[in-house]
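The values are calculated or read from the model by the stated rules, or taken from the named source; none is laboratory data. Model, not experiment: these values are computed from the prediction. Reconstructed Cβ throughout: ideal geometry from the backbone, glycine too, with neighbour counts over all protein chains shown.
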Amino acid sequence: MKIGKIVQRAIPAIFDYCEKHPEEFTQLQDPDYSKKTFNVYFPFCRAMERIEPKDTVRYWRQTYVVRGVTVRVTSQWASNRLDLFTDYLRQKGISPQETVEYETPPLRASYKSFSIGKSGNGLVRYLLGQIKPETFTKKDWLNVIEEFEGKCAYLRQIGGSGHGPCHPDQQARPGRTPAGQSGPVLRRLQRGEG
């Protein structure tokens, strides 16, 4: 199992420990403590409002509320840090949970698809690209599909030939159409028929 999965499984137990030991929660937000303890260059966790926009990719999307503070945990783990991480858990007497289930938003990269050409879905890609990953969940995506009544945003018809709205669990991405369909779609949009 990769270290990232091991860390993610331990997060709830670590934050349970922090609820009982507030000083540990403060230390886990300190970059020097994280460097010394885990050999990572970012704090183990950071309050959402303290994460710089350029650093948002350095933290997992999942948020946690610890001692009234909403935080994200760094995703910057390498396999050579596993011993340090397990030593930390052992020293604190923390036993990670066997499984952790939480909702993960769709991957942000899917919004930047160039499948039907830059002019065809550029606006959609731009708008979706402006959404912070931690604010747009799978539930939000399903609400968007419901708002469009299950119809393709370009063709305004329900799929069957692959034009239906994309479900976040499928491999299709927002705005994609079957191969060879981009020309007709763009022409309809340009004529104001879409």
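Search the stretch 45-87 for residues being in contact with a strand residue (DSSP E or B) (Cβ under 6 Å, 6 or more places away or on another chain) and among the small types (Gly, Ala, Ser), and hand back the single one that is nearest to Ile11 (Cα to Cα). Ranking the candidates gives Ser75 first. Elements of the type strands (runs of 3 or more DSSP E) sitting completely within the stretch 1-95 and holding at least 2 residues that are among the β-branched types (Val, Ile, Thr) and surrounded by 13 or more Cβ atoms within 10 Å (Cβ to Cβ): these cover 59-66, 69-74.
Close Cβ contacts (under 6 Å, 6 or more residues apart or on different chains) running from residues in the stretch 36-50 that are in contact (Cβ under 8 Å) with a residue 40 or more places away in the chain and at negative phi to residues that are basic (Lys, Arg) and part of a helix (DSSP H, G or I) comprise Phe38/Arg81.
The rows are residues; the columns are (1) modelled with pLDDT of 60 or more; (2) over 17 Å from the mean Cα position of the chain (by Cα).
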site	(1), (2)
Tyr64	yes, no
Val69	yes, yes
Arg108	no, no
Phe136	yes, no
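Taking Tyr64, is it over 28 Å from Thr137 (Cβ atoms) and not basic (Lys, Arg)? Walk me through it before giving the result.
On the way: over 28 Å from Thr137 (Cβ atoms): no; not basic (Lys, Arg): yes.
In short, no.
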